[in-house]
Amino acid sequence: MDLVDIDRRDDRIAVVTLQRPERRNALSMTMVSEIKAAFASLHRDRAVDTVVLTGAGKGFCAGADLSFEPDPAPDSEGRGPVGLVYRSQEHLAEMILAVHECDKPIVAAVHGAAVGGGLALALACDLRVATTTARFGAAFITVGLSSCDVGVSYFLPRLIGPTRAAEMMLTGRHVSGTEADAFGLLNRLVDDEAALLPTALELATQ
């Protein structure tokens, strides 16, 4: 896989790293396919006990790639514009389900942006570690979409309560790692980005 790296470590932890740093790990349809394949393989891997999900470069995941590069979702050939968008949404939803339904506990290690589909990825994990300067946002409404997309409206109220979730979903406001921790979204908060992966790995080991 070119856009997703799986490092199966000797301590039975697999570190999954999104590898599109030049786009802040924005989700192309090819990357979505690779994330689905990665978590399908980990679901079956009896040599792995826990998983850490993180992003290369300056951010966790900036959401869906809105550059509209020619990268259609699988099984979208011959569909009209509406069918193409619908299949893309299905493809993204299948990615979130692949993460959430993986039978290994998953720790999200978040730095930089985790917005839109990136927020959904972090929410689909079982545990979350983030830096104080991380940014979480349900950005869908800022591009004219609802936050029902890709599981955010399911996970977010369950994790931080309906009042705060409604504010994030209806305003598109980003919250820092510090504020997300105060909301109860995080299991660990770190000041230094260098401490992020070690802290996530320590939690995965526990």
request  = Mind telling me which of Thr163, Thr171, Thr54 comes out most flexible in a GNM of the chain, alpha-carbon contacts under 10 Å?
outcome  = Thr163
ask   = Taking the chain as a Gaussian network, Cα atoms linked when under 10 Å apart, which of Ala195, Ala120, Ala40 shows the biggest mean-square fluctuation?
value = Ala195
key: Positive dipole terminus of the chain, leading residue within Phe155, Thr199, Thr54 (C-beta point charges)   = Phe155
query = Per residue, how much accessible area does the chain show when a 1.4 Å probe rolls over the protein heavy atoms, in square angstrom?
reply = 46
note = What the 5 Å binned alpha carbon P(r) of segment 114-176 shows, as percent of pairs per bin from 0, is 4, 20, 34, 29, 11, 2
request  = For segment 1-31, run through the trypsin sites (Lys or Arg not before Pro) and keep only the ones in DSSP coil with at most 15 other Cβ atoms within 10 Å of their Cβ.
outcome  = Arg9, Arg12
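The values are calculated or read from the model by the stated rules, or taken from the named source; none is laboratory data. These figures come from a predicted structure and were not determined experimentally. Note that each Cβ is placed from the backbone with ideal geometry, even for glycine, and that neighbours are counted across all protein chains shown. These area figures cover heavy atoms from the full protein model, side chains too; ligands, DNA and RNA do not enter into them. Shrake-Rupley method; radii C 1.70, N 1.55, O 1.52, S 1.80 Å.
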